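Scroll down for the structure; my scribbles are underneath it.
Each reported figure results from applying straightforward, stated rules to the coordinates on display, with no laboratory input. Predicted model, so just to flag it, every value in this text is computed and none were measured. Quick reminder, even Gly has a Cβ in these numbers, built from the backbone with ideal geometry, and neighbours come from all protein chains shown.
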Amino acid sequence: MRHDTPIAAPGQRIGLLGGSFDPAHEGHVRLTEEALKRFGLDRVWWLVTPGNPLKSRQPAPLAERISYARRIMDDPRVVVSGIEARLGTQMTVDSIAALQDRYPLVRFTWLMGSDNLVQFSQWDRWQEIAARVPIGVLARPGTRLKARLSKAARIMAPHRLPETESSRLGNSAPPAWVMVNMPMSNASSTAIRAARLSRRQG
């Protein structure tokens, strides 16, 4: 599917992976494939954000980032969408609420790397996110221990599923979360941008 307003069937279990995808890379692909395999999901939507209010550097044009992401993520179960621009939302919690209003019969799960869990407690109304959707956390290099010890992980500890039961996540009522290990990838958008700049200057 290539629509900016994705189509979803009632009862589908859809993972949401948000970010600037500036640019999308192999790490995003690997995380998505692992989420589909581990969390009992039918689909994953990449929510390519218009801009990140937490970052001083603003990303490349939205259409450019979506086009590139669609070239590297060709799994038919994955939709790359700029729907947040249509919804007019900036904060994750507002995007989730708007999607739940638009797709009331869909079961959404929020996806993140363990690096994001480390600072999840700094996100706007993060506890409302946890109350709205189950959360699937996938381990990233160097942040597994920090993620387990993070403020958000400690507060959400009573609602954590064992990794052995991660396949139940897509059908779980929030609050619920799980953190699973996955094959490591050191790919990052920052490193890719730096390499591109170096090649242009070389």
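Database remark: amide H of ASP4 closer than 5 angstrom to no amide H (H placed geometrically; neighbours at sequence offset of 5 or more, or on other chains; Pro and chain starts carry no H).
When the Cα positions of LEU105, ILE83, TRP123 are compared along the charge dipole of segment 82-141, LEU105 comes out farthest toward the positive end, with charges on each C-beta of Lys, Arg, Asp and Glu. Taking Cα centre as origin and charging only the Cβ of basic (Lys, Arg, +1) and acidic (Asp, Glu, -1) residues, the dipole magnitude of segment 85-193 rounds to 180 debye.
For VAL80, nonlocal amide neighbours, meaning residues 5 or more places apart or on other chains whose placed amide H falls under 5 Å from its own, are TRP46. The helix-only estimate of mean residue ellipticity at 222 nm for the chain, built from DSSP H runs of length n ≥ 4 each weighted as -39500 (n - 2.57), is -10000 deg cm²/dmol after division by the residue total.
For the chain, a simple Cβ point-charge model (Lys and Arg +1, Asp and Glu -1, everything else neutral) yields a dipole of about 420 debye relative to the Cα centre. Within the shell of other residues whose beta carbon sits under 10 angstrom from the beta carbon of GLN119, the net charge comes to +1, with Lys and Arg scored +1 and Asp and Glu -1. Modelled label positions at ASP4 and HIS159, each set 7 Å beyond Cα in the direction of Cβ, lie 3.2 nm from each other. The length gained by stretching the chain between GLN122 and MET91 to full extension, at 0.36 nm per residue less their Cα-Cα distance, is 10.0 nm.
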